Structures are given as C-alpha cells and as structure tokens.
Amino acid sequence: MNINAQIAKTYIVTNKKLTGVAVAGVVLGMSIYIFMNSMLLGFDKASSKSIFKTTPHIRVYKDDEISRPLVSSNGKKMLLINPKIVPAKNTIINPGLVISSIQKMKDVEIVTSQVNANIFYNSGKSQITGLCSGINPEEADRMYAISSTIVEGSLGALKGNPNGILIGSGVSDKMSLRVNDYVNITSSKGLNKAFKIVGIFKTNNSVIDKTKSYVNVLSAQQLLKEGNVYVTDINVNIKNPDDAEKIAIQISASTGYKAEGWRQANETLMAAQRMRKIIITFVSTTILLVAGFGIYNILNMTITQKINDIAILKAMGFKGNDVIRIFVTQAVSVGIMGVIGGMMMATLIITLLQHIYVGGDIGYFPITYEVTKYIQGIVVGMVITFFAGYIPAKKAANIDPVEIFRR
Amino acid sequence: MKILESKSISKYFTDPVEFQVLKDISFDIEKGEFTTLVGKSGSGKSTLLYVLSTMDTDYTGKLVIDGQETGNMTKDELAGLRNEKIGFVFQFHYLLSDFTCLQNVMLPALKLGKLSNKEIEERAYQKLAMLGLSDQALKLSSKLSGGQQQRVAIARALINDPLIIMGDEPTGNLDSNNTRIVFDIFQELSKNYGQTIIAVTHDDDFASKSDRIIELKDGEVIRS
C-alpha cells in the first residue's frame, strides 16, 4: 500500500466516529435517492400498465371534419363564416387495406379493428347504460390481456359465437347475471338483441367493470345497423410504447386517418405523471445534495483538525498533491462505504414496500429494483464525495507550512 | 565544503505595516558544523531558519543548498529537497498523534521511497534505539512524555540521513534534564557522525556549547 493511502487509512480508522457520521450521511442520501427514483419509475410503470389494460398504444380513427368552401379562394375572403362539423359517418373506408398497410410497418406488433357502440343493458325492468366493444377476441386478448381479468366463464367461448357477450363484474352484480344467462341489449340505433353471457371479467377499475362489455365485431356492427366493413377504430400495439407518438405520425401520414398515441389520449394522466416526476426528482436530488454538503462539512472539519499534520507532512517533504491524495482517498473511501450501505438500505426499503398491499387494480405497492437508478445513485454519490474531499484538500495543499506553524 | 549559502537574504512582513524582518543576511555553513542562531525575541532568527529550511519562499536574495539554487524551484521540488536533504525538529514535538512512534519515524523514508518497507522499519528501529526509545516504538506518539516525543522527532529528522538538521528551539519546551539529553544527542551527531546542524535557541548555555554562534539583532547579523 502506498504511503498516502496508509495515512488516509489511519485517519479513517482512528476517527471512527467522524467516519461513521460521514458514511451515515452518504447512506441516507443514497438510499433515499435510489428508493424515491425507483418508486417514481414503479408508479409510471403501474399507471401505464393500467392504461394499457383498456387503451391501445395507438388508436387510428376518422376524426370529425370541419366544413370547407368547395373552391379554395387564395388571398380572398372565405365564403363560409361559420364552419361546422360535417355530419359524415365516422367510419374507416376499406379497413382491410388500412390494417394490412399498418401491419407492414416496422415495430408494429398487433393491429386489430374495433367497433364501439353505446348501449343499454336490459334485464327485466332494470336498465344500465354502457359501452359495448366489438372485438376480434384473439387479437384483443393479446392487446389488453382480457383473459387475465376473467373471473367466470372464458374468453374462448366468445370466438365465433355471434350471440356471446363478456360483461363486467359490476354489470353482472347489479343485474344478478351469471354465465349462461341472457341479457337483452338495446343499441343507440334502437336495435334489440339478446346475448348469452359467456364470461364475466373484473379489471378492478370500477367504472369499466360497471359499464363495459365485449362482443364480436360482427355483433357490434349489427347493433349499429351497419355492414361488415363498418369499423370505427383500428387499434395498434407496438414494440416500445414510448415510440407511440412517433409511429402515430407515420401512420397518420400513410393512411390519412387520425392516429393518436396513448400519451395524447391520456393527457391528464400524463400531466400528473410529469408533475410527480418533477417533485420526486427535486426532492431526491435535494436530499442527495444535503447529504453531500454534510460530507463536505465533515471532511472540511477533519482537514481543519489535521491542519497541523498537513504542515508537518509538508515540512517532511510531502507535496501538495500528496496532501490532496490523502484526503481524497479518505473522502472516496467514505463514499464507497456509504454507497454500498446506501444500496443495501435502498434494497431493504424497496423489498419492504413490495410487500405492502395497496389494493385497487394496482395490488402490491408498485416498486421494483431499478438498476439504472442504482447506477445513477452510485455515480452521483461518488462524484459528490470526491469533490467534498477534493475542494478542502486543495485549499489545504496550497498553504505554506510556515503559515500554519506561525499561528 | 559549503553545504548552505545565504546570499544577501532580505524579507519583509507587510501585515499590518511594512516591516523588514531580515536585512541583507549573508553567511556560509560548512559541512559538519554545529551552528546555533541566537538573538532576542523578534530578532528574526526563527524567520531566518524557516527561509533556510525552504518552507518560506517569500524573500529576496539567494539560498544555495548543497550546490543547488532554490530560488527558481517549484514548491513540489522544494518539498522533494526537504524530504531528502533536510531533517526538521520543531519547538513543539509535532508528531502525528494518530500514528505510533515507529510510524512517525518511518514516514519521511516511506515518502522518499528509496528503501523497502522492511529496510525502513529496521532503520527506524535503529534510530529509536540510538535515542534510547526502542521500548516505546509501538506506542501511539501522543502517549509519550514531552522529552520522549522530542527524541522521536529527532529520530524522524534523522531517518533519511539528511545533509542538514534544522531545529527551531528544539529544547524550548523541555526541562533542564531533557534539554541536556537533546543537546548531547545533537553534539554526538555533530562530533561522531559529522552531521550539519543549525538550531535556533534562546538558551545561552546551549548556544555556548555549539561550534559556531550566529547572533541576530533587529534582522541583521551582528556576530557570526
């Protein structure tokens, strides 16, 4: 071991209390930093997971159009002074072609058409309003993992069964409907049709459980008195949900229909997520900085305490750089001990939180061990401790030993 | 052989008012000389010693140690020179209190890095034995008496076989018994080992027994 490292080691070992306090400071800062950031990522993941249970990554639909003058009038005044929505059908023309063209695009995983219809559930005298989604069961299951939410019956029974329906657990409770019972459905177009319940699902999102039902696309088209080319929505799932906005623009450009990414569709949730991110980043960085200042102060104190030693060492022929090395070694050793302790502490906190049940459609507290946050914490912690040692040591290294002896 | 040459060294303090502490000081010191710097308090003798030790670089004039001019050397080069050629004994023992006596003595040699750790340890034991401290070697330096600590400091100054040993009132803080012991050590080093010694003292008895006395008054040499 080199002489500077030996001196640093002696200082660390003989001043156990001071070393302990400094290490505890780093441990606290590090663990909270890692834990807070892991929690933030966990929240984000949980909220996107719950979004993706009902929302596709990208939704392609025909947007309402505003009426325009038939003849474009360059530079002249518009003839229409009160443009309004054109009462056109919200249907996608030739959906088969659109779907196959989207399917050919890069990074696209699942493309499925969907027909949504506003309906009433009727059973005896009771009536509930709701939303019926006409889906292709296999594709929709891959997209929303519907089968994982089914509590009674099965999704498989819906396949190729134009009279089958999957209803939410809220609907089934309210109307005391079980599997194999019949439910009468009235569409907004006034059409009445009886469906046989093949399954009941429970997403733990009470609004969805109390209103939603799934039928085959064909049945939904019937409810709306439309033919089998009537498709209102094409849902697209891609490999990486974070690319949704970028790919949505491409889809929009190539198909001419409005394509909307999941972030755009859930603007409020996204805003809340951004806000949470700002708050947690701010708080965790502050804690890390405060811990950094604590270490700086403690090391500054050791150096003030050891100023005589520094003068003696310099009188004996130790150079300015040797002094810096001694104290930086001390600081970095504290940093390493603190970082290791901090990681263990963070792991402990995360493990404890993972076992807390919060209920709802989230279940257990949504937090995971985020490797990137651990690495970030290590880097930031080491940089802070390095400078906390370097800055006061640099100051001490530049002092002439005589100045210290004369005091 | 001249081991140290001081050529018209002057030094000013600027705080609180400008004041010339050293006025045009010139003298040579031969190898093996036991020199004492004496003078009243405030005569500039300690300031001169710090200049000669290369720890104070804020002066005008020329200082030559072992044929090397120190004026244009960097601070790090000066530190290297001190490490190899100058041993220092302070008024207050100035040992590192977190280390054992042995470690304190070994430090300058470990810094020099010319010998292996084992050889350095052997040498350090030798020096401590020479000063009658071999049984204290593994104690923390802060646990020793004042006289013992001063002897450890001398052992430390000797570890690299320096050309010059400098002492800033090395006996200033000791009782008469320990003063005698330290003086005897210095004298023995000078007589038997041909060691060059420069010591600042206000103890006339101590000074009168040395080879040469340089007396300062108001920053000027009045006897050399």
Output for the range B:53-72, where each listed residue is of a type outside the set (D, E, K, R) and buried (at least 16 other Cβ atoms within 10 Å of the Cβ): B:SER53, B:THR54, B:MET55, B:THR57, B:TYR59, B:GLY61, B:LEU63, B:VAL64, B:ILE65, B:THR70
Tally of residues being in contact with a Phe, Trp or Tyr (Cβ under 8 Å, 6 or more places away or on another chain) and either within 15 Å of A:ILE298 (Cα to Cα) or not assigned by TED's automatic domain parsing to the domain that holds A:LYS314 (or both) across the range A:328-356: 5
Test: residue in the range A:242-253 that is at pLDDT 85 or above, in a loop (DSSP other than H, G, I, E, B) and either under 24 Å from A:GLN114 (Cα atoms) or of a type in the set (S, T, N, Q) (or both): no
Test: residue in the range A:289-311 that is within 14 Å of chain B (Cβ to nearest Cβ), within 30 Å of B:ASN104 (Cα to Cα) and in contact with a strand residue (DSSP E or B) (Cβ under 9 Å, 6 or more places away or on another chain): no
Spans of strands (runs of 3 or more DSSP E) in the range B:167-223 with at least 3 residues surrounded by 15 or more Cβ atoms within 10 Å (Cβ to Cβ): B:196-200, B:212-217
Checklist (1) part of a loop (DSSP other than H, G, I, E, B); (2) over 17 Å from the mean Cα position of the chain (by Cα); (3) modelled with pLDDT of 85 or more applied to B:THR54, failing item: (2)
Residue in the range A:312-330 that is nearest to the other protein chains (Cβ to nearest Cβ), counting only those that are more than 20 Å from B:GLY80 (Cβ to Cβ) and of a type in the set (A, V, I, L, M, F, W, C): A:PHE327
Some residue of the range A:267-283 being at pLDDT below 85 and within 14 Å of another protein chain (Cβ to nearest Cβ): no
Hits in the range A:123-137 (condition: modelled with pLDDT of 85 or more and not hydrophobic (A, V, I, L, M, F, W, C)): A:GLN127, A:THR129, A:GLY130, A:SER133, A:GLY134, A:ASN136, A:PRO137
Helices (runs of 4 or more DSSP H) enclosed by the range A:313-407 - at least 1 residues per element that are under 22 Å from A:SER47 (Cβ atoms): A:320-354, A:371-397
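The values are calculated or read from the model by the stated rules, or taken from the named source; none is laboratory data. A quick note: this is a predicted structure, and the numbers were derived from the prediction, not measured. Using ideal geometry, Cβ is built from the backbone for each residue, glycine included, and neighbour counts are taken over all protein chains shown.
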